[in-house]
Number of protein chains: 2
Amino acid sequence: MNLDFAKADGLVTAVIQDYASGRVLMVGYMNEEAFRKTLETGCATFYSRSRGKLWVKGETSGHRLMVKEISTDCDGDALLVRVEALGPGVCHEGYQSCFFRKLDHGKWRIAEARAYDPSAVYGGKP
Amino acid sequence: MNLDFAKADGLVTAVIQDYASGRVLMVGYMNEEAFRKTLETGCATFYSRSRGKLWVKGETSGHRLMVKEISTDCDGDALLVRVEALGPGVCHEGYQSCFFRKLDHGKWRIAEARAYDPSAVYGGKP
């Protein structure tokens, strides 16, 4: 089988899961080039839908995602990438996981403390 | 904050994770109606991009996904839905998880045995 990049405008969905803890850390998107770079470098690389270009996760922060294992789903349009996450957090807002808000009686509430100070890591960079 | 349905044609990505084991079971997509139905019924409900309509996961098979907890990510365009999965498997091909193929030296290989016989569960139904 091959990945199905055609279904969603050249992209597959990539779920990033911590290899050790099993926590889901983030969801990104990969085009064929990002997927190839991920394999070549061993560092999760995405295609930014908003910026329209590739980005190596952790390029600015150093919080890279080192690939341990990749699975795909039955219809080949999603990836599960199990990683060793370098650094304290994946989210640019300072949290360990981008999924730091839980639904609580109909409201999204922040459910954990920050793992690092994002202004110290990202400074003025976007 | 609110979910951002506008970014991807009215859909958010929904990662389904087993609440007990932490295994990622599938990735689906929800429009606003599917999300509301998921909350109302407690059963994960998706929007099928290929069929262009809502589907309650497990409607045919009985393998429903009972919602235990929902998180959203920093930009509100993805959900992490932790579930109790009823039945032996989530995948219509008979596997516990849709992510049953692992990348092994550049090839996708089936990495586990089927959990049930899909022809017995789905019969002639699509």
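Extension gain, A:Lys7-A:Tyr116: 0.36 nm per intervening residue step, less the Cα-Cα distance, totals 35.5 nm.
Look at where the Cα atoms of the stretch B:1-20 and of the stretch A:59-97 average out, and the two centres are 17 Å apart.
Spherically averaged projected area of the convex hull of Cα atoms, the stretch B:28-126: 7.8 nm².
Rg of the Cα atoms in the stretch A:1-82, relative to 2.2 N^0.38 Å, amounts to 1.02.
What are the label-to-label distances in nm, one decimal and shortest first, from A:Tyr122 to the same spot in the other copies, with labels 7 Å along Cα to Cβ? Copy-to-copy label distances at A:Tyr122, shortest first: 4.1 nm.
Taking chain A as the reference, fit the longest principal axis to its C-alpha atoms, fit the long axis of helix A:32-41 to the helix C-alpha atoms, and give the angle between the two in degrees, 0 to 90, nearest 10. Tilt of helix A:32-41: around 70 degrees. Counting Cβ atoms of other protein chains within 10 Å of each residue's Cβ and taking the mean over peptide B:93-105 gives 4.
Taking the DSSP bridge list for chain A and keeping only pairs wholly inside it, about 80 percent are antiparallel. If the cut-off is 19 Å between C-alpha atoms, which lysines fall inside it for A:Lys102, apart from same-chain ones fewer than 8 positions away? Leaving aside lysines fewer than 8 places away in the same chain, those within reach of A:Lys102 are B:Lys37, B:Lys68.
Note on the protein assembly as shown: along the principal axes its Cα atoms extend 57, 46, 32 Å, ordered by decreasing extent.
Across peptide B:67-77, what mean number of C-beta atoms from other chains lies inside 10 Å of a residue's C-beta?
Per-residue shielding by partner chains comes out at 6.
Read-outs throughout are calculated quantities, based only on the coordinates presented, and are distinct from any laboratory measurement. Predicted model only: the values in this text are computed from it and were never measured. FYI the Cβ positions are ideal-geometry reconstructions off the backbone, even for glycines, and counts take in every protein chain you see.
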